[in-house]
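Shown next, in structure tokens, is the structure this report addresses.
The values are calculated or read from the model by the stated rules, or taken from the named source; none is laboratory data. None of the values given here were measured: they were computed from a predicted structure. Cβ sites come from the backbone with ideal geometry, for glycine too, and all protein chains shown count toward neighbours.
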Amino acid sequence: MIIVDDNSTDDTKEVVNEFQDHRIRYHRNEKNLGGGGSRNKGIELSRNEFIAFLDDDDEWLPTKLEKQITVLEKADPSYCGVYTGLVKIKNGIPISKKLNREEGDLFRKLLWENLIGSTSVVLLKKSCVKEVGGFTEGLPASQELDLFLKLSEKYKFKVVPEALVKYFIHEDAQITSDHSKKLTSKKYLYKKYKEEIISDPKLNARHLYEVGYLEYLSGKNEKAFQLLKRAFFLSPTGIKHLIRKVLSKLILGI
């Protein structure tokens with residue numbers, strides 16, 4: 001276990017030192033590197049063939065790694081990793097479950113949505129992650145989707161169709177500044193994969209609906225209206241996706 005402390009100001013080091021276990025290695029960044037940089041540091045320090053990530057506010061179920069390793073060891077070299085489902089928990093109460101059974105070539109499907117989920121649900125081959133350059137450092141959000149897309153351009157994914165991760169939703173994560181981070185990252189991914197996205201009008205509309213919604217949440221109403229109008233012109237029925245996102249935020253707060 002490699003614990004990467006991203007130059008925190010809390011008592012992380014003291015807590016880690018309480019565990020007398022030679023399998024635990026602690027690393028503190030000299031400066032804040034963010035999620036992408038910290039995960040890349042953990043990858044750099046790792047010594048084994050498989051790597052898995054656990055954000056400090058998520059939780060693995062006891063059999064998660066065992067089941068994933070069993071699947072990935074049997075898979076042919078065209079597979080770079082295996083993911084599981086997750087349960088979203090808010091205020092101690094499970095509010096939704098993300099469970100997919102999609103496996104194989106996921107690139108086009110990931111352009112539609114992040115069906116894999118967070119970094120906490122994957123087990124990956126270190127060699128594959130290093131080949132695609134690891135996480136994009138400096139990307140303020142959607143770092144996991146960016147990595148999954150890079151991997152899926154070259155490799156396939158396996159799945160363990162069970163919810164083996166607890167993903168905790170926090171009230172303080174729902175702040176306006178997060179919308180601008182998501183917007184920056186969404187625009188980055190749209191530009192990066194624009195050729196593939198615009199080749200399908202419905203897929204293009206889906207991205208424009210999402211960017212327009214984030215523009216609205218960021219207070220840029222005029223820009224949001226223009227993007228949503230373009231999206232509706234491309235795919236009127238695609239607005240159902242936007243309505244689901246709005247209802248999810250209003251009802252579940254996510």
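Restricting to segment 1-46, what's the tally of residues that are more than 24 Å from L123 (Cβ to Cβ), among the aliphatic types (A, V, I, L, M) and under 21 Å from the mean Cα position of the chain (by Cα)?
Counting residues in segment 1-46 that are more than 24 Å from L123 (Cβ to Cβ), among the aliphatic types (A, V, I, L, M) and under 21 Å from the mean Cα position of the chain (by Cα) gives 0.
Of I69, I43, which residue is within 28 Å of N7 (Cβ to Cβ), surrounded by 14 or more Cβ atoms within 10 Å (Cβ to Cβ) and aliphatic (A, V, I, L, M)?
Checking each option against the conditions leaves just I43.
Just one of E162, E196 is closer than 27 Å to R101 by Cα and assigned by TED's automatic domain parsing to the domain that holds L72; which is it?
Of the residues listed, the single one that is closer than 27 Å to R101 by Cα and assigned by TED's automatic domain parsing to the domain that holds L72 is E162.
Which residues, taken from segment 61-85, are touching a strand residue (DSSP E or B) at 6+ places or on another chain (Cβ under 6 Å) and not aliphatic (A, V, I, L, M)?
The answer is K64, K67, Q68, S78, Y79, C80, G81, Y83, T84, G85.
In the list G81, G117, G85, which residue meets the criterion of being closer than 24 Å to S38 by Cβ, small (G, A, S) and assigned to a strand (DSSP E or B)?
The unique qualifying residue is G81.
Could you check segment 74-124 and list, in sequence order, the residues that are surrounded by fewer than 19 Cβ atoms within 10 Å (Cβ to Cβ), of a type in the set (K, R) and either touching a Leu at 6+ places or on another chain (Cβ under 9 Å) or in contact (Cβ under 8 Å) with a residue 12 or more places away in the chain (or both)?
K90, K97, K98, R101, R108, K109
I'd like to know if segment 6-16 contains one or more residues that are surrounded by 17 or more Cβ atoms within 10 Å (Cβ to Cβ) and either touching a helix residue (DSSP H, G or I) at 6+ places or on another chain (Cβ under 8 Å) or not assigned by TED's automatic domain parsing to the domain that holds S120 (or both).
Yes, segment 6-16 contains a residue that is surrounded by 17 or more Cβ atoms within 10 Å (Cβ to Cβ) and either touching a helix residue (DSSP H, G or I) at 6+ places or on another chain (Cβ under 8 Å) or not assigned by TED's automatic domain parsing to the domain that holds S120 (or both).
Just give me the residues in segment 56-73 being more than 26 Å from L189 (Cα to Cα) and out of contact with any Leu (no Cβ under 8 Å at 6 or more places or on another chain), in sequence order.
Result: E59, P62, E66, T70, V71, E73.
Of the numbered conditions (1) exposed (fewer than 14 other Cβ atoms within 10 Å of the Cβ); (2) within 14 Å of the chain's Cα centre (by Cα), S127 satisfies every one except a single condition; which is it?
(2)
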